[in-house]
Every structure is written in structure tokens, then in C-alpha cells.
1. If the requirement is being assigned to a helix (DSSP H, G or I) and either modelled with pLDDT under 95 or among the β-branched types (Val, Ile, Thr) (or both), which of these qualifies: 32, 74?
2. Mind listing just one residue for me: the one in region 20-36 that is open to solvent by 60 Å² or more (accessible area, probe 1.4 Å) and within 10 Å of the chain's Cα centre (by Cα) and, of those, nearest to residue 66 (Cα to Cα)?
Amino acid sequence: MILLDIRDYLKNAGSAPVRDIALHFKLSEYDTKSMLEHWVKKGYAKKLPAGSLCQGGCRSCEPSNIEIYQWNQTEKAVLIT
């Protein structure tokens, strides 16, 4: 399931621009953002403030034009009953 694949990608990367995730999974940026927002609403990920730099820090992109999401390091505990 692509939603879980995006979760795993973001967990492994720590943070990533929407554009990179969309390219990796061959999705539109719109669809990618929708799936990332699923994880934001559940409290597992967050969107970084505008102007944040990606982990590479190469500054080849205009920071105001990129949207970066970050996986929360402290995940919610899941109760199994």
C-alpha cells in the first residue's frame, strides 16, 4: 500500500521534500501531499515551516518553493488488545 510505503520512506529519511517523495513513487505532488497529511493528522509527521532547508542543504532550490515533511521521532504507542 502506497500510504505505508510513504510512511517508511519518510521514517528512513527523517525528513524529505514533497517533490522528492513524489518523484520516488512516481506520484503527483498533490497526491503525495494528501498522503503525507494523513500522517500529519495522526500525529506521526509534521510539515516544516516555509523556508526550511532539506537535509542535503544544497540550496539549489528556492526554500520558499519547497514543502518539507518530517517524521516525528517519538511515535505514538499502539495498544494491541
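The values are calculated or read from the model by the stated rules, or taken from the named source; none is laboratory data. The shown structure was predicted, so the numbers you read here are calculated from the model rather than taken from an experiment. Just so you know, the surface numbers come from the protein's heavy atoms only, side chains and all, with ligands and any DNA or RNA stripped out. Shrake-Rupley method; radii C 1.70, N 1.55, O 1.52, S 1.80 Å.
1. Values: 74 fails: assigned to a helix (DSSP H, G or I).
Within the list 32, 74, the selection yields 32.
2. Going through the qualifying residues, I end up with 20.
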